[in-house]
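Following: one structure in structure tokens, then a few remarks.
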Amino acid sequence: MADESQKWVLMVTAQTPTNIAVIKYWGKRDENLILAINDSISVTLDPAHLCTTTTVAVSPAFNQDRMWLLGKEISLSGGRYQNCLREIRARANDVEDEKKGIKITKKDWENLRVHVASYNNFPTAAGLASSAAGFACLVYSLAKLMNVQEDNGRLSAIARQGSGSACRSLYGGFVKWVMGKEENGSDSIAVPLVDERHWDELVIIIAVVCSRQKETSSTSGMRETVETSALIEHRAKEVVPKRIIQMEEAIQKRDFATFTHLTCADSNQFHAVCLDTVNFLLNVSQILMVCLIFRIISCVEKWNRSEGTPQVAYTFDAGPNAVLIARNRTSTSLLLQRLLFHFPPNSETDLNSYVIGDKSLMEDIG
Ligand code: ADP
Ligand code: DP6
Ligand code: CO
């Protein structure tokens with residue numbers, strides 16, 4: 001590249017939604033490659049709501065890879081960022097921008113450094129899967145910048161090396177992360193289960209109980225579980241494989257009753273293995289949150305029971321924030337009324353809800 005070319009910067013911006021697991025991933029068999037001990041299934045949210053926006057830039061003027069997360073520079077020295085960068089760089093192709101007079105050859109990418117700026121429009125590291133949207137978006141935008149010609153399945157295997165849950169955000173709708181068998185992780189990829197619009201009636205509501213950073217990251221929490229929980233092996237080997245089959249069928253058939261039963265049961269079992277984990281610290285503020293979680297669960301379960309057929313499924317990740325999946329718009333409206341009644345705004349139990357799907361529903365209730 002000529003000296004004149006030192007002036008150019010080439011940029012790509014991408015947006016990726018987060019995903020919420022309905023059959024949870026919790027536990028690795030390989031920490032470096034991020035290989036799970038069980039399959040998992042999630043639903044990817046609408047990109048217009050909870051998402052990450054990442055801009056990646058390349059210029060001959062950059063002398064090292066750098067990244068800013070929410071405006072603050074973070075270190076890229078960790079294995080996860082390095083693994084993603086290395087895997088994408090290894091697949092880079094020629095890039096040409098005639099208007100700007102830029103030509104980058106496959107070989108040039110080895111010596112070019114990138115700058116990354118990323119922003120999450122929802123709480124980071126608070127149990128709403130920021131690592132999923134974050135690493136999926138990082139891998140996707142780098143792949144676009146470097147003209148990587150891999151399909152989303154192959155990209156999912158790279159995003160997986162950033163954060164396990166990230167592989168499922170490469171697709172919309174209901175997605176399965178197949179744990180795979182290969183030692184090198186080549187068959188540990190995400191696959192879409194149905195067309196993105198297959199079950200459009202569902203409305204997902206996220207009640208943000210606490211947007212503070214959680215005290216135990218998913219990574220260390222699940223490591224402790226694998227090392228110390230007596231229940232985890234039973235979950236991974238006996239329970240989840242059956243649930244995966246049943247969940248796939250429920251999704252195919254849009255069978256909301258079975259979907260709700262499996263989603264709630266799996267969220268509860270995931271929290272049961274967390275409680276069975278030595279060193280999974282519960283301090284006083286977390287105990288108060290656990291109480292709130294149980295209040296939400298009990299509110300939902302009472303309602304489902306009184307209706308005869310389930311109206312809403314609940315699931316909680318590694319934090320107190322409730323993800324509620326309502327069967328349709330009518331049940332969403334009723335659910336919000338109930339939540340507002342039990343957790344009135346500006347009260348001690350204000351849930352500060354995010355409404356995903358249709359913001360006007362909040363106004364309907366007044
Ligand atoms: P969460 O429940 O939000 O997924 P985790 O503990 O799994 O919490 O992951 C949080 C970590 O994910 C952050 O500390 C950061 O390293 C990474 N992360 C979050 N957002 C992004 C992003 N936009 N781009 C890259 N990495 C991110
Ligand atoms: C409870 O994908 O955040 O959200 O692979 O170590 O980055 P790492 O963990 P992460 O774990 C997510 C756990 C979960 C369940 C799920 O998303 O399946
Ligand atoms: Co995460």
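General observations
- Zone residues, region 26-63, relative to Gln82, backbone N less than 14 Å from point 7 Å out along Cα-to-Cβ: 32-33
- Cα→Cβ-extended label distance, 7 Å offset, between Thr258 and Gln64, nm: 5.4
- Ratio Rg/Rh, restricted to region 114-225 and using Cα atoms, in which Rh is the Kirkwood radius: 0.98
- If you run the Gaussian network model on the chain, springs between alpha carbon atoms under 10 Å, then out of Asn19, Asn120, Asn32 the most flexible one is Asn32.
- Selected from Thr277, Asn304, Gly134, residue furthest toward positive end of dipole (the chain; charges at beta carbon): Thr277
- Extension gain, Asn268-Glu227: 0.36 nm per intervening residue step, less the Cα-Cα distance, totals 12.8 nm.
- Estimated D of region 1-148 in µm² per second, where Rh is the Kirkwood radius over Cα pairs and Stokes-Einstein applies at 10 °C, 1.306 mPa s: 96
- If R0 is 51 Å, the Cβ-Cβ spacing of Leu334 and Ser217 corresponds to a FRET efficiency of close to 0.90.
- At full extension, Asn121 and Thr105 could sit 2.3 nm farther apart than now, given 0.36 nm per residue minus the alpha carbon distance.
- Computed over the alpha-carbon pairs of the chain, the distance histogram in 20 Å steps reads 29, 55, 16, 1 percent, short to long.
- Given their separation in residues at 0.36 nm each and the Cα-Cα distance between them, Thr309 and Asn184 gain 40.5 nm when the chain is fully extended.
- Solution diffusion estimate, µm²/s, Stokes-Einstein, region 173-307, Kirkwood Rh from C-alpha pairs, 25 °C, viscosity 0.890 mPa s: 141
- Computed FRET value (nearest 0.05) for His234 with Glu301, which takes r as the C-beta separation and R₀ as 22 Å: 0.35
- Note on Lys242 and Cys291: the model spin-label points, each 7 Å out from Cα along the C-beta direction, lie 3.6 nm apart.
Since every read-out is calculated from the coordinates, none of them should be taken as a lab result. Since this is a predicted model, take the numbers as computed values, not measurements. In this analysis, Cβ positions are derived from the backbone assuming ideal geometry, glycine residues included, and neighbour counts consider all displayed protein chains.
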